[in-house]
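Okay, so here's the structure we're looking at.
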């Protein structure tokens, strides 16, 4: 059984990831250039997923090796700390 904090963080990762997918349904990369709220919303959802990933203990992360923990957390850090040089192609990417 997972620690409650880890379970909550994993649930948040899933919920906010799903919300990001819903937000981008039917949208294209070109829509990012035309819709500032789409960009800001997507960025924020990715930040939250990364923050939740960072809160998962190393032990629990090791139980889920298929999840790319460091890239997820790294993306959050880049969005938060490099807000002025964000490449929306990277945010939109696979």
For the chain: relative contact order, % (alpha-carbon pairs under 8 angstrom, 6 or more apart): 34
Helix 69-81 vs. the chain, principal-axis angle (Cα, 0 to 90°, nearest 10): 50
Degrees, to the nearest 10: 36-55 long Cα axis against longest axis of the chain: 10
Pairwise label distance in nanometres, residue 77 with residue 40, each label 7 Å out on the Cα-Cβ vector: 2.7
Residue order, fewest to most surrounding Cβ atoms within 10 angstrom, among 2, 40, 45, 10: 40, 2, 10, 45
Highest-MSF residue in the chain out of 41, 50, 33 [GNM, Cα springs under 10 Å]: 33
Centre separation in Å (Cα based) which lies between the range 1-25 and the range 44-65: 9
Additional length obtainable on full extension of the chain from residue 87 to residue 28, 0.36 nm per residue less Cα span: 19.7 nm
In degrees, nearest ten, helix 4-24 long axis to first principal axis of the chain (Cα): 20
Average projected area [Cα convex hull, the range 4-84], square nanometres: 5.7
Contour minus Cα-Cα distance for residue 5 and residue 64 (0.36 nm per residue): 19.7 nm
Listed residues 48, 72, 80, most fluctuating in the chain (Gaussian network, C-alpha, under 10 Å): 80
Cα-based shape type of the range 6-45, given that a ≥ b ≥ c are square roots of the gyration tensor eigenvalues and the cut on a/c is 1.5: prolate
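Quick note: the coordinates plus some simple rules give every number you see, no bench work behind them. If you're wondering where the values come from, they're calculated on a predicted model, not measured in any experiment. Don't worry about glycine lacking a Cβ; one is built from the backbone with ideal geometry, like all the others, and counts go over all protein chains shown.
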